[in-house]
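Let me begin by presenting the structure, written as structure tokens, before commenting on it.
No value in this document is a laboratory result; all are computed from the given coordinates. Treat the numbers as computed from the prediction; the structure is a model and nothing was measured. Heads up, the Cβs are rebuilt from the backbone with ideal geometry, glycines too, and the neighbour counts pull from every protein chain shown.
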DNA sequence: GAAGACATTGACGTTAACGTCAATGTCTTC
DNA sequence: GAAGACATTGACGTTAACGTCAATGTCTTC
């Protein structure tokens, strides 16, 4: 079972040690310790990847934390009401993500239009002076 | 041809006047003036909507500005080389957006899994005490 | 013409997400 | 055992994206 030091994990993920410690302060992950030193497991790495994906999608760390909380909620000891509550949160998230997906597709369409326009300009005739 | 005052446009877009003035400072839009007062045209509104969409997608104002610059670049007076340069930028953007789209779909898949798991827990049996 | 409603331009404040630097500890290596 | 390499915990600094507040102007309305 593979383990990482902080600098190993950071270089694999392309972030700084400051960042990962900052996330720990914010309660986004809780690595084991070997003495004073942090030791990261595969699970920690996966969690960091979730966080970084959230960032790429433009979420704030608070929102990412909420997502992670949904992600590793333990349904076992939950009451029906709690599960229903969680389900609601999940559905809200889904709605927001689908909105974002629409925005994205719209933007991609626009880029395609611009691209076509550029290609059109380039294909009119190789050079004017001909 | 419809025109807006700053507070009209802001309330339609759900933002504050501070925000729109801030964007103007950053060079993201340049409304007309009637005396000292800003007057917004339909084009300004459309541009603001582009900006807000960019924000929803998690872009920084700098990136949004670059996008807008692509968006209303005037190809007419451009040299072939300039158009090719612009094309490159557009393609870079497209690559980044498609990455983001993949991230989004992955997250949606995960949400679906969580949702199913919740539904599963709820459907086992209505209540335990039966 | 005084009172509101709305606008303007500074300018300083605030929060999130880190960067940076100092002081200190531990572990290997020559 | 001194020198690096890597780690730790503060703590203060920085940047983006606004919020807030003061001073002031203009325009309507009673």
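For the rotation that carries chain B onto chain A, the axis lies closest to a Cβ at B:58, 1, where the number is the distance in whole Å.
Take the Cα pairs of chain A, get the Kirkwood Rh, then feed it into Stokes-Einstein at 37 °C and 0.692 mPa s and tell me D in µm²/s. This corresponds to a translational diffusion coefficient of 177 µm²/s. Compactness of the stretch A:73-130 is given as radius of gyration and Dmax, 24.3, 78 Å, from Cα positions.
Here the relative contact order of chain A, from alpha carbon pairs under 8 Å that lie six or more residues apart, stands at 16 percent. The order of B:59, A:22, going from fewest to most other C-beta atoms within 10 Å of their C-beta, is A:22, B:59. Comparing A:16, A:30, A:112 in a Gaussian network model of chain A (Cα springs below 10 Å), the most mobile by mean-square fluctuation is A:112. For residue A:98, the distances from its label point to the matching points in the remaining copies are 2.6 nm, ordered from shortest, with each point set 7 Å beyond Cα toward Cβ. Cα centroids of the stretch B:19-92 and the stretch A:35-74: how far apart, whole angstrom? With the stretch B:19-92 and the stretch A:35-74 each reduced to a Cα centre, they are spaced 34 Å. Inter-label distance, residue A:34 to residue B:11: 6.3 nm, where each label sits 7 Å from its Cα along the C-beta direction. Across identical copies of the chain, residue A:43 has label-point separations of 5.8 nm, listed in ascending order, with the point defined 7 angstrom from Cα along Cα→Cβ.
Once you have the Kirkwood Rh of the protein assembly as shown from its Cα pairs, apply Stokes-Einstein at 20 °C and 1.002 mPa s and quote D in µm²/s. Estimated via Stokes-Einstein, D reaches 96 µm²/s.
Of the residues B:110, B:63, B:92, the one that moves most in a GNM of chain B with alpha-carbon contacts below 10 Å is B:110. Position residue A:21: other-copy label points at 4.0 nm, ordered by increasing distance, label point 7 Å along Cα→C-beta. Neighbour counts of other Cβ atoms within 10 Å put B:66, B:32 in the fewest-to-most order B:32, B:66. Here the relative contact order of the stretch B:1-58, from alpha carbon pairs under 8 Å that lie six or more residues apart, stands at 39 percent. Taking other Cβ atoms within 10 Å as a rough exposure proxy, B:91, B:55 sort from fewest to most as B:91, B:55.
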